[in-house]
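Single-structure report; data block below.
The values are calculated or read from the model by the stated rules, or taken from the named source; none is laboratory data. From a predicted model like this one, the values you see are computed outputs, not experimental measurements. Cβ placement follows ideal geometry from the backbone for every residue including glycine, while neighbour counts extend to all protein chains displayed.
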Amino acid sequence: MEKIEKSISFVKCTFEELNDNDKECVGESLRARKNAYAPYSTFSVGTSLQMASGEFILGSNQENRAYPSGLCAERVALFHFGANYPEGIIKTICVTANNKAGNYKEMIKPCGGCLQVIAEYELKQNQKIRIILYSDTNQVMIAEGVENFLPMIFLF
Ligand SMILES: [Zn+2]
């Protein structure tokens, strides 16, 4: 029998401590959040995905009255990337979220389904994706690679 341990790591900081590029990633994700279609949950999520070229792809959650037909902001951006930039490289993905009442003070982490999709794009491009989470209380969490959220990804 063998005990195996994996560790995860994050940087926590404030918005002001970010470099200019990371600040731009946060700004773009906040801009994306404005286009969320979330009439049922009122929980709006915005994602900015920055490619190695420096270009951004924006995504926001899109709900539907047939609930399972909706999609998370992260996957809206990631699948747009996959469909339109098959040779592209994702450098950074930034996520910010809150509900209409502004109840969420902590950074909102991507769901398991989105983490799996991020993991697969990391494998495809053979390069880690920097993940930045931003809260409306000005807190930031940065992880270098999806394994910090999902240490045991689904592989077959
Ligand atoms: Zn998700």
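When the test is whether a residue is hydroxyl-bearing (Ser, Thr, Tyr), touching a helix residue (DSSP H, G or I) at 6+ places or on another chain (Cβ under 6 Å) and free of Cβ contacts under 8 Å to residues at least 60 places away in the same chain, Ser48 passes it. Among the residues of the stretch 100-109, those that are more than 14 Å from Arg33 (Cβ to Cβ) and touching a residue at least 24 places away in the same chain (Cβ under 8 Å) comprise Ala101, Lys105, Glu106, Lys109. Within the stretch 67-90, the set of residues being under 19 Å from Lys109 (Cα atoms) and either within 13 Å of the ligand (Cβ to nearest atom) or at pLDDT below 95 (or both) comprises Gly70, Leu71, Cys72, Ala73, Glu74, Arg75, Val76, Ala77, Leu78, Phe79. The number of residues in the stretch 91-114 that are surrounded by 14 or more Cβ atoms within 10 Å (Cβ to Cβ), away from the ligand (no atom under 16 Å from the Cβ) and polar (S, T, N, Q) comes to 1.
Restricting Gly88, Gly59, Gly46, Gly82 to residues that are surrounded by 11 or more Cβ atoms within 10 Å (Cβ to Cβ) and in a loop (DSSP other than H, G, I, E, B) narrows the list to Gly88. If we scan the stretch 147-155, do we find a residue that is closer than 16 Å to Ala36 by Cα and either aromatic (Phe, Trp, Tyr) or within 16 Å of the ligand (Cβ to nearest atom) (or both)? Taking every residue of the stretch 147-155 in turn, none turns out to be closer than 16 Å to Ala36 by Cα and either aromatic (Phe, Trp, Tyr) or within 16 Å of the ligand (Cβ to nearest atom) (or both).
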